[in-house]
Amino acid sequence: MSKAVVPGLKEDDEIRAIISQINAPLNIMSLPGLTNCNKLKELGVKRLSIGGALYRKVNNLLDHCAAQMYESQDTSVLFN
């Protein structure tokens with residue numbers, strides 16, 4: 001097996017238990033409360049996926065800036 005992906009893992013003991021039972025790198029999905037790369041590395045996680053989180057963050061910023069420019073009729077928000 002080239003990797004193991006177990007959706008929804010969040011608790012340290014669950015992560016350790018899965019890692020001890022598989023013979024492949026564990027891929028974890030970054031979730032709120034599960035973001036510290038160093039901690040995950042200490043637990044034995046080999047890969048961290050961000051899924052669509054970065055896209056959603058950037059898209060929200062674009063929406064926010066566009067709304068501010070529309071409301072203020074000013075583009076200065078782009079340079080703050």
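Bear in mind these aren't lab numbers, they're just calculated from the coordinates by the rules spelled out. Fair warning: this is a prediction, and the values are worked out from it, not measured in the lab. Every residue, glycine among them, receives a Cβ derived from its backbone with ideal geometry; neighbour counts consider all protein chains shown.
Worth pointing out:
- Between 0 and 90 degrees, the angle of helix 12-21 with respect to the longest Cα principal axis of the chain falls at about 50 degrees.
- Under the Karplus curve 6.51 cos²θ - 1.76 cosθ + 1.60, θ = phi - 60°, whole-Hz ³J(HN,Hα) for the range 6-11, x wherever Gly or Pro sits: 10, x, x, 5, 9, 8
- Checking [x] -0.67, -1.05, -1.11, -1.20; [y] -0.54, -0.73, -0.78, -0.89; [z] -0.79, -1.09, -1.10, -1.09 against log10 I(q)/I(0) by the Debye sum over Cα atoms at q = 0.13, 0.18, 0.19, 0.21 Å⁻¹ calculated from these atoms, the matching label is [y].
- The angle between the Cα long axis of helix 53-72 and the main principal axis of the chain comes to about 10°, on a 0 to 90 degree scale.
- Pairs of lysines in the chain whose Cα atoms sit within less than 20 Å of one another amount to 6, provided the residues are eight or more positions apart or on different chains.
- Likely footprinting exposure, V77, V45, fewest C-beta neighbours within 10 Å first: V77, V45
- Loop sites in the range 3-59: GluC sites (Glu not before Pro), DSSP, at most 11 other Cβ within 10 Å: E11
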